[in-house]
Every structure is written in C-alpha cells, then in structure tokens.
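**Q** There's a structure below that I have some questions on.
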Amino acid sequence: VGVSRTSSPELLVELERGRPLAAQLEQGLRDGVRSGRLAPGTVLPSTRTLAHELGVSRGVVVAAYAQLGAEGYLVVRQGAPVRVARAGASPMEEREPPLQAAPRYNLRPDVADYASFPRREWLVSLRAAVHKASDEQLGYGDARGAEQLRVTLAAYVGRSRGVDARPARLHVTVGFAAGLSAVCAALRARGARRIAIEDPGHLTVRRLVEHTGLELVPVPVDEHGLRVEELPDVDIVLVTPAHHFPTTAVLSPARRTELLARDVVVLEDDVDAEFRYDRSPVGALQGLAPERVVYLGSASRTLAPALRLGWSVLPSWLAEDVRTEVERTIIAPPVLDQLALAHFVERGELDRHLRRMRLHYRRRRDVLVRALDAQLPQLHVEGVAAGLHVVARLPDAVDERAVLEAARARRIALGGLGEHAIRPAGGGALLLGFARSPEPTLRAGIRELSRAIDEVSDIFA
Ligand SMILES: Cc1ncc(COP(=O)(O)O)c(C=O)c1O
C-alpha cells in the first residue's frame, strides 16, 4: 500500500491508499488540533499545496477543510487562508492527565476492598430490578428516589444505625456528596452562612463544602472528637460522630449532648461508621434529635463508590426545600440501580456482606498491626477498633511530608494526617489503610515503608 505524507512537520498527516482519503485527512487534522500539535491560529497550507504534497485531488482537501470548518476545528473563509480555530476546548484540557503509576502497595486509608465487591449478588439484584421495574418506573420518578428503596433504607438505617427515618424524608442521593451539596444549598437559601467543619477532616469533604459557597470555620478535634466547647457562632456543623476521619475518634457522650444543646443544624457524616471490631458501631446522633440533625450515609465504604448511592434523612422542616433543590437540578441516581439496591438489602445481602467484611477486615487489620509492631515499633498505632485504616503517629523529630514523599516514591499509596488538616497541630501521623491489600502485600508494604522512613530519618537506625 502506498503512503503519502505532508512535508510540513506540524501537519504530520499520512494517507494510506485504499482507504477513503478525505476521511483520513480529516481524522489526521482533527487529531492534530486536539492534541495541540496544531495550535490555535496556525495557518494551514492552501488546498492546492496540500493536495500536491499528498498526491490527491484538490477536491479531497476541499472536502476535509469544509468538514472540519463545519465542526469548528478550522476557520474556513472565502479568500482567506484556512486557520486552526481559537474557540473550543483548549488542547491542554483535552489532553489526558499523565498516568500515575499504580501503587505497588495500596495502603490508602479511605477505600473499601473492591476485590470483595459482591458481584454475583449485585448482578442478581440488578437483573431483578430490570425485570421487575414497571414502565412507569422508567420515568424521572420522585426526586427523593424510588419509593421502594426509600422504604427499605429507612428500615435499614433505623435498625443498623438507630436513625429515626421515615421514607417520606429519606432522600436517595448520588453518594454522600450530592446529599451534602443539596442540603447545604437548601440551608443557604434559608439564610445559613457559616459552617463549622472538623479540623482535621476528610479533604474531599472539605472541598465539597467549599464548593457550596458557605463560609468554612475549622474547629479542632481531639481524642473525644470535635471540640464542641470551641465551637464559634455558626449556622451549621458538619461532624462525623461515630468514627472521625482521619483520627478515628468517637464523639464522646458529653460532647454529643453539648452539641445538640447548641442552636445549630448538625450534618452527620456517617459514611465511615459501619465497621467496628470491638463492639457494635456507635449509633447515630440523628436518633437523639431528628429535627436538629441531618443524617448522611453512603454505600461507598460498605459496597463501592462506583455505585454512587447515598442517602440523607432530613428534618421535617427541611425536607421540602431539599426536594425542591433536587428537582431543580435533577441530580439523582439511576432508578434501576436504586431498585437493585432495594432488592439487595431486602434479600439480606447487605447484612451478609457486612458480616463477611467485618471478619475480613479484622483479619487484615490484625496483620497490619502485627507488621507495624514488628517493623516499626517506634510508631504509635491508634484507631484500631474501627474503620478501614489505622493512625500511626510519627515521633516528633520525623517529618510527615518527607516520609510521605519517600513512601510514595516507593509506590506505597498512603495518607498523612497533615494532608487533611487546615491548621496542622501536633505531630505528624501516617494513615494506613488495610482494606485493599491481601495479607502478604500488607506485610511487604510495611517492610517497604520502614525502608522509606529509614531513608528520611536516622532515629530508627
Ligand atoms: C468521611 C467521608 N465522608 C464522605 C465521603 C464521600 O462519600 P460518597 O462517595 O458517598 O460521596 C467519604 C469518601 O471517602 C468519606 O471518607
């Protein structure tokens, strides 16, 4: 097959005989614009010159230029040279971000074990959902979510988390994230301006709150959770009472009482609460004050973030506003997935999965803690009773950032306490997740981590 090329280096178009020439030329030029090789404003050769270079008829080039002109890649005007258009997405935006090397040891603190996702059981539920959904259910449906799931989840959060939930005030959301955004928007519309958040607190959650336009007020956290006594004058408090991320603290009974006595709306982030290994999970704050507390849960930790399924339980005075907010944006999870989750929970699959995962995670946690004891006895390990990560405090002389860098250079994925803090206080700590790594990988990961720490500090030598 013959191949012809353009002579100008930035055009780089190659045509193969035997395939439609105009389409090839079009594709080659389109790729050039998308990749940024042909910068906005670049003048292209005349149709005559390019046809000559490529050894094709002029009509082929005219057709390709016209097509790309119509698509907005080129500016084609009578009597003027053809140029690459300036409008549209900049090539920088179009380019894929550089691929990050996959970690060799995944010790991320905020992920579930996706390898344990109950694929077979989920498929059964998904099939059932598609089979059983009525024609009516294929419409937009209720902005709050499919009724069947609202009923099922209201019962589930009632029995498993002590939440006082009525289906009418339970909203199914696109993860915790969309629930939080809708609630914040509704509260803002009612005049709320200042929101207190835990410092440290999950970075992703902080970014979400920043995006709502509310003014963020960081409040410190200690071993008893949010320091409620330091709460300034705010309208809203976002808190993780059952299991604080990243410190793992549980909000003490005294502070729970104190918080509920304040004249604020409490948003309860319960995403990271379901896994406790020493006793039953600490019940939700919402059950104590359902008219004061908005409860926010999610399937991201218990099943997988890929489902993008979450739920909010709202006080009666706020439910309509949030519903209006969601109706305005129509941001709701796919109904078929909602029906699948309803089926999954009703058949007892979620309970079964949680029981299985509790044992699975506890075994992995034990392996991680033993490996830390053996390899890095200088680290003080906390937070082993619940959740999917532990906190390993670094001695004062060791810099958290340097350790994180050295560890990541060795392709260990992990977290640092300081990364989730607005005003870092006290010493550094590593956040080490045990969810995703099989036991040998956990052991090898901690060995590799001890080498990384040796590299940046001599106190372990
Ligand atoms: C404490 C906490 N809250 C909320 C979220 C976000 O949950 P979702 O995936 O349901 O939006 C996360 C995710 O890691 C989290 O760690």
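**Q** For the stretch 228-255, name all the residues that are not small (Gly, Ala, Ser) and not in a loop (DSSP other than H, G, I, E, B). Give the steps one after another, and end with the answer.
**A** If we filter the stretch 228-255 for residues that are not small (Gly, Ala, Ser), which is where we start, we get 228-241, 243-248, 250-251, 253, 255.
Hits for the stretch 228-255 are Val228, Glu229, Glu230, Ile236, Val237, Leu238, Val239, Pro253, Arg255.
**Q** Can you run down the residue pairs with Cβ atoms below 6 Å, 6 or more apart or on separate chains, where the first is in the stretch 156-184 and touching a residue at least 12 places away in the same chain (Cβ under 8 Å) and more than 18 Å from Leu288 (Cβ to Cβ) and the partner is among the basic types (Lys, Arg) and within 13 Å of the ligand (Cβ to nearest atom)?
**A** As it stands, the answer is Val174/Arg308; Gly175/Arg308, since those pairs meet every condition given.
**Q** Further question: Working only within the stretch 8-64, note down all residues that are among the basic types (Lys, Arg) and either in contact with an Asp or Glu (Cβ under 7 Å, 6 or more places away or on another chain) or at pLDDT 90 or above (or both).
**A** Arg30, Arg34, Arg37, Arg48, Arg58
**Q** Glu230 - would you say it is surrounded by fewer than 14 Cβ atoms within 10 Å (Cβ to Cβ) and touching a Leu at 6+ places or on another chain (Cβ under 8 Å)? Before you say what the answer is, go through the steps one by one.
**A** Working: surrounded by fewer than 14 Cβ atoms within 10 Å (Cβ to Cβ): yes; touching a Leu at 6+ places or on another chain (Cβ under 8 Å): no.
No, not satisfied.
**Q** Consider Val221 against the criteria (1) within 16 Å of the ligand (Cβ to nearest atom); (2) assigned to a loop (DSSP other than H, G, I, E, B): it satisfies all of them except one. Which criterion is unmet?
**A** With (1) within 16 Å of the ligand (Cβ to nearest atom); (2) assigned to a loop (DSSP other than H, G, I, E, B) applied to Val221, the lone miss is (2).
**Q** In addition: Within 16 Å of the ligand (Cβ to nearest atom) and either outside any strand (DSSP E or B) or at pLDDT below 95 (or both): is that true of Val151 in this structure? Can you show your working first?
**A** Details: within 16 Å of the ligand (Cβ to nearest atom): no; either outside any strand (DSSP E or B) or at pLDDT below 95 (or both): yes.
When the stated conditions are applied, Val151 does not pass them.
**Q** Let me ask something else. Being within 18 Å of Leu238 (Cβ to Cβ), near the ligand (Cβ under 10 Å from one of its atoms) and among the charged types (D, E, K, R) is the filter here, so list the residues in the stretch 282-315 that pass it.
**A** Residue satisfying the conditions is Arg301 alone.
**Q** Here's another thing I want to ask about it. Hey, any hits in the stretch 300-321 for a residue that's at pLDDT 95 or above, in contact with a Ser or Thr (Cβ under 7 Å, 6 or more places away or on another chain), hydroxyl-bearing (Ser, Thr, Tyr) and under 30 Å from Thr173 (Cα atoms)?
**A** Yes, there is a match, as at least one residue in the stretch 300-321 is at pLDDT 95 or above, in contact with a Ser or Thr (Cβ under 7 Å, 6 or more places away or on another chain), hydroxyl-bearing (Ser, Thr, Tyr) and under 30 Å from Thr173 (Cα atoms).
**Q** Only one residue in Val163, Val130, Val172 is β-branched (Val, Ile, Thr), surrounded by 21 or more Cβ atoms within 10 Å (Cβ to Cβ) and more than 14 Å from the ligand (Cβ to nearest atom), so which one is that?
**A** It is Val163.
**Q** Moving to a separate point now. Quick test for you: out of Thr248, Thr212, pick the one residue that is touching a residue at least 40 places away in the same chain (Cβ under 8 Å), within 16 Å of the ligand (Cβ to nearest atom), surrounded by fewer than 24 Cβ atoms within 10 Å (Cβ to Cβ) and among the hydroxyl-bearing types (Ser, Thr, Tyr).
**A** Just a single option satisfies the conditions, and that option is Thr248.
**Q** Can I ask one more? Among (1) free of Cβ contacts under 8 Å to residues at least 24 places away in the same chain; (2) closer than 30 Å to Ala146 by Cα, where does Asp270 come up short?
**A** Asp270 satisfies all of (1) free of Cβ contacts under 8 Å to residues at least 24 places away in the same chain; (2) closer than 30 Å to Ala146 by Cα except (1).
**Q** Related question: Examine the stretch 361-369 for a residue that is within 16 Å of the ligand (Cβ to nearest atom), within 30 Å of Ala452 (Cα to Cα) and either surrounded by fewer than 17 Cβ atoms within 10 Å (Cβ to Cβ) or modelled with pLDDT of 95 or more (or both), and state whether such a residue exists.
**A** Checking the stretch 361-369: at least one residue is within 16 Å of the ligand (Cβ to nearest atom), within 30 Å of Ala452 (Cα to Cα) and either surrounded by fewer than 17 Cβ atoms within 10 Å (Cβ to Cβ) or modelled with pLDDT of 95 or more (or both).
**Q** Let me ask something else about it. Looking at Val403, Val398, which one is hydrophobic (A, V, I, L, M, F, W, C) and at pLDDT below 95?
**A** Criteria check complete, one pass: Val398.
**Q** Scan (1) farther than 17 Å from Pro200 by Cα; (2) in contact with a Lys or Arg (Cβ under 9 Å, 6 or more places away or on another chain); (3) within 16 Å of the ligand (Cβ to nearest atom); (4) in contact (Cβ under 8 Å) with a residue 40 or more places away in the chain for the single condition Asp235 breaks and write down its number.
**A** (3)
The values are calculated or read from the model by the stated rules, or taken from the named source; none is laboratory data. In this text the structure is predicted, and so the values were computed from the model without any measurement. Cβ atoms come from the backbone with ideal geometry, glycine included; neighbour counts cover every protein chain shown.
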